[in-house]
Amino acid sequence: MSDPRRWIDLHMHSTASDGAHRPADLMRLCAARRLSAVALTDHDTTAGLAEATEAAQEAGIELVPGVELAATLGPRSVHLLCYLFDPADAAFQQTLDQIRTWRRERNEAILARLGQLGIRIELRADPRDPPPHSIGRPHMAHALVRAGRAASFADAFSRFLAHGAAAYVPRKTLTAEESIAAARAAGGVVSLAHPCQIRCDSPPELETLVGRLKDVGLSAIEVYHSDHGPEQTRRYVEMAKRLGLAMTGGSDYHGRPGLPPPEQSIGFSHVRVSADHLDVLRSLTNARAVG
Ligand code: AMP
Ligand code: MN
Ligand code: MN
Ligand code: MN
């Protein structure tokens, strides 16, 4: 049943948000890695999907429509990976548009704070590049490094952009429940991204939170992720089984300068995701369409 050649990667970013590679280049790199299917999951935008779909078709791999949304869960922030929705769905696109408007308002506020600190940055490395459709703090972190105001990406966050730092401004987002409902109304399914990044006091507390997300329509947990060690992955697999949730996985590849060459880092060694998981996800969308 599980054919070792059918590896997939359901979490990747392109220049439409904070990735370094254009969508078409990303698809070619994924094909060179012999992945059978990949999801492009840019932050709050599907603007890369058209180019990715065409390139994926040429390269002979399957492109799964995706998008990554940050959302609130009570006092916490969680990231949600939406898959297999209809990218042409007008209501879902309107939701993404609203989220990007909140981003723009926040970006302007951050740039104003930096201005007060006497710092002006150019968000594009090359002014001839088209602006990314969805701009966020990672773009500012890279710009601060280029401007010589921070020693590294991480340093830019700790000095200026992280929660509590000099130019930090919060961003308005939807609740997890609203985000899941929006993706499902467009025919999609939702997976909880990198659960290791959720601030929780204990594994049982995390399981309670994930159970609450399941009650409002969550379909899966991202059990395989570049930040998860084997022990964490095992724990999330067990949790998914106990809660009756499907499993997804991906590299969360951004192709950032400074990381190993893309051909080595797409599909990190421990992020091996079988295409069987995608079949399960798809069956969950179908089940809903019929039922
Ligand atoms: P934004 O969506 O604009 O709020 O940016 C959030 C993204 O910035 C996250 O997905 C991370 O990739 C990155 N990020 C957030 N906090 C940090 C941090 N302290 N250090 C490095 N990267 C961070
Ligand atoms: Mn990102
Ligand atoms: Mn994320
Ligand atoms: Mn991501």
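Details
- Whenever a residue of region 184-202 is within 14 Å of residue 69 (Cβ to Cβ), its partners that are more than 15 Å from ligand 1 (Cβ to nearest atom) and among the hydroxyl-bearing types (Ser, Thr, Tyr), lying with C-beta atoms within less than 6 angstrom and at least six residues away or across chains, give the pairs 188/83; 189/83; 189/219; 189/285; 190/219; 191/248.
- Condition check for residue 182: away from ligand 3 (no atom under 16 Å from the Cβ) and touching a Cys at 6+ places or on another chain (Cβ under 9 Å): yes
- Residue list for region 79-103, restricted to those being away from ligand 1 (no atom under 14 Å from the Cβ), of a type in the set (A, V, I, L, M, F, W, C) and within 17 Å of the chain's Cα centre (by Cα): 82, 84, 85, 92
- Within the option set 195, 132, being touching a helix residue (DSSP H, G or I) at 6+ places or on another chain (Cβ under 7 Å) and within 16 Å of ligand 2 (Cβ to nearest atom) holds for one residue only, 132.
- Residue list for region 197-231, filter: outside any strand (DSSP E or B), open to solvent by 40 Å² or more (accessible area, probe 1.4 Å) and closer than 24 Å to residue 255 by Cα: 197, 227, 230
- Only listed residue being free of Cβ contacts under 8 Å to residues at least 60 places away in the same chain, within 16 Å of ligand 2 (Cβ to nearest atom) and not charged (D, E, K, R), chosen from 46, 15, 53, 41: 46
- Any hit, region 148-159, residues being in contact with a His (Cβ under 7 Å, 6 or more places away or on another chain) and at pLDDT below 95: yes
- Residue in region 163-172 that is within 18 Å of the chain's Cα centre (by Cα) and closer than 20 Å to residue 69 by Cβ present: yes
Residues checked against (1) polar (S, T, N, Q); (2) open to solvent by less than 50 Å² (accessible area, probe 1.4 Å); (3) closer than 19 Å to residue 16 by Cα; (4) part of a loop (DSSP other than H, G, I, E, B):
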residue: 130; (1), (2), (3), (4): no, no, yes, yes
residue: 138; (1), (2), (3), (4): no, yes, yes, no
residue: 144; (1), (2), (3), (4): no, yes, no, no
residue: 150; (1), (2), (3), (4): no, yes, no, yes
residue: 164; (1), (2), (3), (4): no, no, no, yes
residue: 169; (1), (2), (3), (4): no, yes, no, yes
residue: 178; (1), (2), (3), (4): no, no, no, no
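- Just one residue in the set 76, 106, 34, 28 is in contact (Cβ under 8 Å) with a residue 60 or more places away in the chain and more than 18 Å from the chain's Cα centre (by Cα); that residue is 106.
The values are calculated or read from the model by the stated rules, or taken from the named source; none is laboratory data. Keep in mind that this is a model prediction, so the values were computed, not measured. Neighbour counts are summed over all protein chains in view; Cβ atoms, including those assigned to glycine, are modelled from backbone coordinates with ideal geometry. The area values use the complete protein model at the heavy-atom level, side chains included, leaving out ligands, DNA and RNA. Shrake-Rupley method; radii C 1.70, N 1.55, O 1.52, S 1.80 Å.
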